[in-house]
Amino acid sequence: MSTGELACTYASLLLHDDGIAITSEKIDTLVKAAGVSVESYWPSLFAKLAEKRSIDDLILNAGSGGAAAPVAVSAPAGGAVAAAAPAVEEKKEEVQEESDDDDLGFSLFD
């Protein structure tokens with residue numbers, strides 16, 4: 001992550017945490033107050049992202065994997081994320097079923 005991107009991320013999180021509307025002007029003001037110089041397009045990109053996506057959803061999905069971050073930015077691909085989540089749950093269920101088959105009626109130490 002670049003310094004400008006990270007600064008805008010923190011500024012957006014600060015605004016969201018205080019319940020203030022996230023705009024490019026407010027992000028830019030916070031970044032300048034922190035003494036960080038960013039390229040002019042970063043604040044507007046983060047403001048547009050905050051308009052289209054819920055910051056709470058982005059926070060909750062941050063640790064869901066590397067492929068989720070690009071999908072979270074694009075609105076049309078949001079259905080793909082929802083479709084991928086049940087597949088993960090199905091795999092977990094299959095693993096649990098396999099572990100039930102491991103008991104063959106005898107123990108290694110009997």
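No lab work stands behind these numbers, since they all come straight from the coordinates. Remember, it's a predicted structure, so these values are computed and weren't measured experimentally. All Cβ positions, even for glycine, are placed from backbone atoms using ideal geometry, and neighbour counts span all protein chains on display.
Numbers for the structure displayed
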item: Burial order of peptide ranges 26-34, 47-55, 8-16 (average beta-carbon count within 10 Å, highest first); result: 8-16, 26-34, 47-55
item: Separation of the Asp17 and Tyr41 label points, Cα + 7 Å toward Cβ, nm; result: 2.9 nm
